Amino acid sequence: MIGGAQFSVVHAGPMQVGECPLWHPAERNLYWVDIGSFTVHRTHPLTGEHRSWKLESEPSALAMHTHGGLV
């Protein structure tokens, strides 16, 4: 616990560096990137369902698009 906040591991799979977390409130999913592995990850914290996408280049950050989806 840090400053009254509790933290939980939502995905313990191997990765180089998981960073740039983005909470998608409509989907209730957590997204993040593993830049060195060229991968975007998504996990639903309540169900533990995890999915990942390999990219052709290094993802550096994620943001929600105003018309839906991610950029």
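Scan the range 15-36 residue by residue and report those that are outside any strand (DSSP E or B) and at positive phi. Selection gives Arg28 alone. If you go through the range 1-50 and pick out every residue that is modelled with pLDDT under 90, touching a His at 6+ places or on another chain (Cβ under 7 Å) and β-branched (Val, Ile, Thr), you end up with 0.
Scanning the range 18-66 for residues that are in contact with a helix residue (DSSP H, G or I) (Cβ under 7 Å, 6 or more places away or on another chain) and surrounded by fewer than 11 Cβ atoms within 10 Å (Cβ to Cβ) yields one hit, Ser60. Of the residues Val10, Val33, the single one that is farther than 22 Å from Val71 by Cα and either touching a Gly at 6+ places or on another chain (Cβ under 9 Å) or touching a residue at least 40 places away in the same chain (Cβ under 8 Å) (or both) is Val10.
Annotation note: Cβ proximity below 6 Å between a residue of the range 60-71 that is of a type in the set (Gly, Ala, Ser) and a residue that is open to solvent by 60 Å² or more (accessible area, probe 1.4 Å) (sequence gap 6+ or interchain) occurs for Ala63/Val71.
How many residues are of a type outside the set (S, T, N, Q) and over 24 Å from Lys54 (Cα atoms) if we restrict to the range 3-27? Of the residues in that region, 4 qualify. Taking each residue of the range 37-51 that is farther than 11 Å from Gly18 by Cβ and part of a loop (DSSP other than H, G, I, E, B) and looking for partners that are at pLDDT below 95 and among the acidic types (Asp, Glu) with beta-carbon atoms closer than 9 Å, six or more apart or interchain, yields Phe38/Glu58; His44/Glu27. Only one of the numbered conditions (1) assigned to a loop (DSSP other than H, G, I, E, B); (2) loosely packed, with under 14 Cβ neighbours inside 10 Å is violated by Val10, and that is (2).
The values are calculated or read from the model by the stated rules, or taken from the named source; none is laboratory data. Model, not experiment: these values are computed from the prediction. Ideal geometry is used to build each Cβ from the backbone, glycine not excepted, and the neighbour counts take in all protein chains shown. The accessibility values were calculated without ligands, DNA or RNA, using every heavy atom of the protein model including side chains. Shrake-Rupley method; radii C 1.70, N 1.55, O 1.52, S 1.80 Å.
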